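The block underneath contains the structure these notes are about, expressed in structure tokens.
The values are calculated or read from the model by the stated rules, or taken from the named source; none is laboratory data. Computed from a prediction, not measured in an experiment: that's the story for all the values here. Positions of Cβ are backbone-derived with ideal geometry, glycine not excepted, and every protein chain shown enters the neighbour counts. For the accessible areas, the whole protein counts, side chains as well, though only heavy atoms, and no ligand, DNA or RNA atoms are used. Shrake-Rupley method; radii C 1.70, N 1.55, O 1.52, S 1.80 Å.
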Amino acid sequence: MNPLLVLAAEEPAAELVTGGIWVEWAGLILISPFVAFLLIIFFGKRLKYLGAEFAIAALAFNTVWASVLFVLNMTRGVLYERTFEIARIGFLGGAKELVFELGWMVDGLSIMMYFLVSFVGLLVFIYAVGYMHGDVRVTWFFAAFSLFAGSMLVLVGAPNLVELIIGWEGVGLASYLLIGHYWEKKENSSAGMKAFYTNKVADVGLILGAIIVGVSIGTFSFSEMSRLATEGGNGLAAVASVAAALLFFGAMGKSAQFPLHIWLPDAMAGPTPVSALMHAATMVTGGVYLMARTFPLYQNLAEGVRPAMVVIGAITLFAVGLLALVQDDIKKVLAYSTVSQLGYMMTAVAAGGYTAGLFHLFTHAFFKALLFLGAGAVIHAVHSNNMSDMGGLRKYMPTTYWTFVIGSLALAGIFPFSGFWSKDEILATLGVEGYTFVMWVGIGGAFVTALYMMRAMALTFHGTYKGDGHPHEAPRVMTWPLIGLAVPAAIAGFLNIPGVEWPGIRNFTEWLAVRVVKMGDYHPKEIDVTLAAIGLAAALAGLAVGWVLFGRDAATQRERDRLEIPLLYPLFRKKYYVDDLALGLVWLVKAPFARAVLWFNDYVIDGIVNGTGFLARGLARFVYGGLDQRGVDLIVNGLAAATDAAGSGARRWQSGRIQGYAASFVGGVVVLVLAVVIFR
Amino acid sequence: MIINQFLILAALLFSLGVYGLLVRRNAVMVLLAVELMLNAVNINLIAFEAAIRSTLAVGQVFAIFVITVAAAEVGIGLAIVILVFRNRKSANVDELNLMKW
Amino acid sequence: MSYTIDWLAVAPELVVVVGILVVLTLDLFLSRREKYWTGVVAVMTVSIAVVPLIIMAADDVTRAMFDGSYVVDDFSLVLKGLFLVAGYLVLLMSVTYIESDRYYEGEYYLLLLVSILGSLVLASSRDLILLFIGLELTTGPLFLLAGWRKGDAKSNEAALKYFILGVLSTAMLLYGMSLVYGLTGSVRFVGIREAIPSIAAVQEPALVLGVLLMIVGFGFKVSAVPFHFWAPDTYEGAPTPVTAYLSVSSKTAGFVAMLSVVYLAFGDLTDIWGPALWLLAAASMTVANLSALRQNNIVRLMAYSSVAHAGFMLVPFAGAAVAGQPLSEGLSATVTYLVIYALMNLGAFAVVIAGARRTGTGEIEGWAGFGSYAPRQGILLAVFFLSLAGIPPLAGWFAKFVMFQAVITAGGTAAIWLAIIAALNSVIAFFYYARVVKTVWMDPAPAELGEEATAPATGALRLAMGLAAVAVLVIGVFPGISAFFGEATTRILNGG
């Protein structure tokens, strides 16, 4: 290990919080969105905002709680875990046992995620009240969104792999439902399908990896895993590489690493708040989170896998970033950007930069959500996603413009915004761990990032307006969240300046420390000014080139945008043909499935709310078809006429309706059982 | 080991499936209800197997067969539903009563 | 544990498998006009499959494989023979039918062969898993075959109704099987029987439920009331050869399953399934016969008739069970009835197909005077229908006879009541069969035939009718032949 490494959290500090209401009842954070979900389903339609009230209330509650935890962690440190055993299974003839538990984990990493999901989620929900106004399925939207929030919290609060997978699947489901929100248009439901499939393919790896780990050490608990991984000399070492590779495969799907990234751009078919929260700030970070949670495994036992992970992350970061240059749809630009940034995070964590990757996750959530919400405001104003219908919007939408600028600068990594600090730490980690080539790729990526963001900004807000509508600023319910996100996007970086210790507040690395476990993790004691300068220079260069190409005046803008770098641009437009490959594979299977699930989509709310109506009708049908008509049948006799009449009656039992038949079937079973029991 | 909770779960799921089959109007939903019932049976089989622990893991083998056959039946069922749907433009089972009495 | 395979024992199944593969391959390469070759291959397969059957029958050896899960004894041989014969006749009936309308021929024969394979497996199965597989393999293709007339709304409806009710009953059957397995720890019938005495009293309700649910599942397949609702609609909507197959082979398959399970596994539980079968038998006969009285469509009438016959078939077995008597005579009576029923029912359907082609309609009034312009088919129709009604010297009378004999010798109040109900129902049934025969022979023919009237029956159909008629007449006069088969089944079940 590198002699510069600082071992995190070797000894628990004396003031560590391990009890008290805030941690012991932290499970409420996980539960409240589900409660909101149920309330919305049952009562949402009657409320003024059609159920959004419950969703926002739940997340507000969560934000408050998570903020308390956040502050506790900032100042004193928190470490708590609570589980309930739900099953214990013996196998191999009882020689080994596997324990299944559910519960919640409260430590630095999970607190950071609780806070992120709750705070960003709250702002996005508030924004969504304005954005989704007048939509045909508002109530269902907030229900599904709450479901998502709850599942995400379960994912990040999971103390073991089983619960994490439960949350993982939950967010996958919610993602599918929400991407396909406007399912009247076929592309949208296809996009949902694509997301679902790609994730499912990756989930195979996740589940297999989890099983392998569980079977080898008898538990799925992260704390146990970390402990065993660092102690060494146990069964985990033998299976570690395989399990690690499989878990990473699962993470690739959720966090859109190349080549499993194809679903994310298409997921932009969903409403913008969905893109902002799920496909930028939280859900897609699930894979990175998983890597962080199982970090000791990768760090100590599965080192062979890490170079591959770094490479995949690097490819994702750069190659996919390039694709953002040729998009006309502003959300797609941001989508490809997200994939690229996820590549940064993944490659950092894979290289051993636990803090670096997570810090970038933290800052990215703020500025990416901000950018998406801003894009949403623009789309809302212009009624089109395409930047070719925009231009010059700076004059009409100042708040949106300035927050967008802040977000873009943060994303590009310009001092002193948050992205600068997090990206710089990633580059520094890569350099120190010996991945110099990847570090240069990262610097190149910074250039590309700045370039496409400047392009996006310029085409959208500068020049002259080319459309024919009347764009106007978004309503306050949408602009206040923008401002709310812009603040952390700007200043969050200051939480983790190398070498700087704010009084009373612990170091960011210490925040995130996972238990009392030795992990290799590089946290720079002081900033490497040269590297920072190079990174900054690359970003500024990108901005400059972007300005030159796209920013100066309307005519040149359009012309430059049509710049065709031969070979490269068509390749970009075709997204390296990865999509077409996957599409071919999936095409045959998806249609009936989509149709089936979409019927579910529409029936659930009405079905549940009208549940009693169905029951009553079903009973009535059975009574009428079975009992009433059968009553006619009971005219038994020997005369031909009477028999004939009885014959007509008997005929009537054959109502022609399947469910009448089935009801009689089931009724017959019941009668039979009763009769036998009575007559024995 | 005590397996009552699994048996109760299976019974509940089976009942839910029966309810779904009786009440749902859309043919695909009815198929879903049937799948629910078949999976309830699987839970039963696996639970019993865990309690019995036969040498050949008979319950598990049975469950695998059930899964396979259920998959085949769903294939058949969906083919039929699609056929009906193509001809009538609706998958509503209530509407199928050309033949009665 | 290594399992040896007795190749002769599985020879019939293997032949059918080869047949399936050949049909599948041929179907790829044949042009539309040549597709009938797949039918020819199918018929040949079934014929060849009979050969190993006869060889095995000749040497009187019981073969068991897989720890007694797969057994070929006299019971299996008789029933496999029945399945193959029935399959053969249905194939003959199908040839013309399928060729004339633009159906998918190759797939039709393929599915039919698969179903036949399933029924062969079923006849040999002596444990729950194999039973389930055999049953599903038999009925799975039938769901599709019922909807074979893709453009016809009635056919679609028939398939869907059959399917939904079918999977419901499969689910119930499986649930019952899972309970039985759970309580006895074994899926083999013998193992279940041995484990039953040691079931704790507190678990008994679960056993009752398990047994009854399995009975329910089988009840669906044999179309017993109240699980019969699919039958009239499916029979009416499906292509007629498929209906014929359903009414004979599918029903027989259900009976095979029920009888082998009830006899071998639940032999000591007569107090559970006895009353259940009693109720099913009584309900089936009564409801079906009464409903049949008012039918105007001949296929629908045949459907109710087959439901009623299912009730009749249950009577001897149920009677023996509720009376607490040994089951062998009941079993023998039921199997005899099955054999006879299969032949006469197939014959009846063959005639119905021929008649429908000739008169162009399925409505009974449309068949008025059929005997005057198609005398030979008219006679055959009379033969089969009167046999179904139970008139000597046609085979049906013997079936009713063994039925009554078995239930009366069983004795006991419940059994006698069942016999009374059966007798009443036989009388009622006579009316609707007679009505058809009367319409065919004694009503004046309509001036014009229906629009869809076509040429007289083709060779295959005539062959089917002829064979069935011969069988019916022969058995009617020499009933010992069928009785022989019936007894043969019980001999081996008894002895082991």
Problem - Exclusive hit being within 13 Å of residue C:266 (Cβ to Cβ), surrounded by 21 or more Cβ atoms within 10 Å (Cβ to Cβ), touching a residue at least 60 places away in the same chain (Cβ under 8 Å) and in contact with a helix residue (DSSP H, G or I) (Cβ under 9 Å, 6 or more places away or on another chain), set C:212, C:135, C:117, C:142 - result: C:212
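Identify, from the list C:139, C:170, the residue that is touching a Lys or Arg at 6+ places or on another chain (Cβ under 8 Å) and within 14 Å of another protein chain (Cβ to nearest Cβ). Walk me through it before giving the result.
On the way: C:170 fails: touching a Lys or Arg at 6+ places or on another chain (Cβ under 8 Å).
Result of the check over C:139, C:170: C:139.
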Exercise for the section: Would you check if residue C:190 is away from every other protein chain (no Cβ under 13 Å) and touching an Asp or Glu at 6+ places or on another chain (Cβ under 9 Å)? Expected result: yes
Problem - Boolean, residue A:265 is open to solvent by less than 10 Å² (accessible area, probe 1.4 Å) and of a type outside the set (D, E, K, R) - result: yes
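Select from segment C:295-343 the residues that are in contact with a Gly (Cβ under 6 Å, 6 or more places away or on another chain) and either open to solvent by less than 10 Å² (accessible area, probe 1.4 Å) or closer than 20 Å to residue C:440 by Cβ (or both) and list them in ascending order. Explain how you work it out, then say what you get.
Restricting attention to segment C:295-343, the residues satisfying the condition of being in contact with a Gly (Cβ under 6 Å, 6 or more places away or on another chain) are C:297-299, C:316-317, C:320-323, C:332, C:335-336.
Hits for segment C:295-343 are C:297, C:298, C:299, C:316, C:317, C:320, C:321, C:335, C:336.
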Practice task
Looking for whichever is in the same structural domain as residue A:374 (by TED's automatic domain parsing) and either under 28 Å from residue A:488 (Cα atoms) or among the charged types (D, E, K, R) (or both) here; the options are A:171, A:204, A:124, A:106. Which one fits?
Solution key: A:171
Completion exercise
When restricted to B:74, B:34, B:28, the only residue surrounded by 16 or more Cβ atoms within 10 Å (Cβ to Cβ), at the interface with chain C (Cβ under 7 Å from one of its Cβ atoms), in a helix (DSSP H, G or I) and of a type in the set (Val, Ile, Thr) is B:34
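Here's a check for you: in segment A:124-139, which residue that is assigned to a helix (DSSP H, G or I) and open to solvent by less than 20 Å² (accessible area, probe 1.4 Å) is farthest from residue A:224 (Cα to Cα)? Don't jump to the end; show me each part of the working.
Quick first cut of segment A:124-139, residues assigned to a helix (DSSP H, G or I) only: A:124-131, A:138-139.
Subset that is open to solvent by less than 20 Å² (accessible area, probe 1.4 Å): A:124-125, A:127-128, A:130, A:138-139.
On the way: A:124: 36, A:125: 36, A:127: 41, A:128: 40, A:130: 45, A:138: 43, A:139: 42 Å.
Out of the qualifying residues, it is A:130.
For every residue, the table says whether it meets (1) of a type in the set (Gly, Ala, Ser); (2) under 22 Å from residue C:177 (Cβ atoms).
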{"residue": "B:4", "(1), (2)": "no, yes"}
{"residue": "B:13", "(1), (2)": "no, yes"}
{"residue": "B:30", "(1), (2)": "no, no"}
{"residue": "B:33", "(1), (2)": "yes, yes"}
{"residue": "B:40", "(1), (2)": "yes, yes"}
{"residue": "B:50", "(1), (2)": "yes, yes"}
{"residue": "B:71", "(1), (2)": "yes, yes"}
{"residue": "B:81", "(1), (2)": "no, no"}
Problem - Residues of segment A:384-400 classified as open to solvent by 20 Å² or more (accessible area, probe 1.4 Å) and in a helix (DSSP H, G or I), total - result: 4
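Conditions (1) of a type in the set (Gly, Ala, Ser); (2) under 20 Å from the mean Cα position of the chain (by Cα), marked per residue:
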residue	(1), (2)
C:119	yes, yes
C:150	no, no
C:171	yes, no
C:176	yes, no
Handout entry: Residues of segment B:52-65 that turn out to be buried (at least 17 other Cβ atoms within 10 Å of the Cβ) and more than 7 Å from chain C (Cβ to nearest Cβ), as a count
Key = 1
Handout entry: Residues satisfying the stated conditions in segment C:148-160, i.e. more than 7 Å from chain B (Cβ to nearest Cβ) and outside any loop (DSSP other than H, G, I, E, B)
Key = C:155, C:158
Problem - Residue match in segment A:15-33 (condition: modelled with pLDDT under 85, assigned to a helix (DSSP H, G or I), out of contact with any Asp or Glu (no Cβ under 6 Å at 6 or more places or on another chain) and open to solvent by less than 50 Å² (accessible area, probe 1.4 Å)) - result: yes
Problem - Residue ID - modelled with the lowest pLDDT, chosen from residues in segment B:80-101 that are open to solvent by 50 Å² or more (accessible area, probe 1.4 Å) and at the interface with chain A (Cβ under 10 Å from one of its Cβ atoms) - result: B:101
Exercise for the section: Could you give me the residue pairs with C-beta distances under 8 Å whose first residue belongs to segment A:460-481 and is on the phi > 0 side of the Ramachandran plot, whose second residue is part of a loop (DSSP other than H, G, I, E, B) and open to solvent by 20 Å² or more (accessible area, probe 1.4 Å) wherever it lies, and which are 6+ apart or on separate chains? Expected result: A:463/A:553
Exercise for the section: Spot the failing condition for residue C:76; the list is (1) polar (S, T, N, Q); (2) at pLDDT 90 or above; (3) farther than 30 Å from residue C:358 by Cβ, and only one is missed. Expected result: (2)
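Of the residues that make up segment C:58-67, is at least one under 28 Å from residue C:462 (Cβ atoms) and either open to solvent by 10 Å² or more (accessible area, probe 1.4 Å) or among the polar types (S, T, N, Q) (or both)? Before you say what the answer is, go through the steps one by one.
First, the residues of segment C:58-67 that are under 28 Å from residue C:462 (Cβ atoms): none.
Looking for residues that are under 28 Å from residue C:462 (Cβ atoms) and either open to solvent by 10 Å² or more (accessible area, probe 1.4 Å) or among the polar types (S, T, N, Q) (or both), one finds none in segment C:58-67, hence no.
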Problem - Qualifying residue in segment A:329-340 (condition: within 28 Å of residue A:179 (Cβ to Cβ), not in a helix (DSSP H, G or I) and not hydroxyl-bearing (Ser, Thr, Tyr)) - result: yes
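Give me a count of the residues in segment A:173-189 that are assigned to a helix (DSSP H, G or I) and open to solvent by 60 Å² or more (accessible area, probe 1.4 Å). Talk me through it step by step, then tell me what you get.
Our first condition is that a residue be assigned to a helix (DSSP H, G or I); within segment A:173-189, this holds for A:173-182, A:186-189.
Next cut, open to solvent by 60 Å² or more (accessible area, probe 1.4 Å) only: A:173, A:182, A:186-187.
Selection size over segment A:173-189: 4.
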Problem - residue A:458 open to solvent by less than 30 Å² (accessible area, probe 1.4 Å), of a type in the set (A, V, I, L, M, F, W, C), assigned by TED's automatic domain parsing to the domain that holds residue A:550 and assigned to a loop (DSSP other than H, G, I, E, B) - result: no
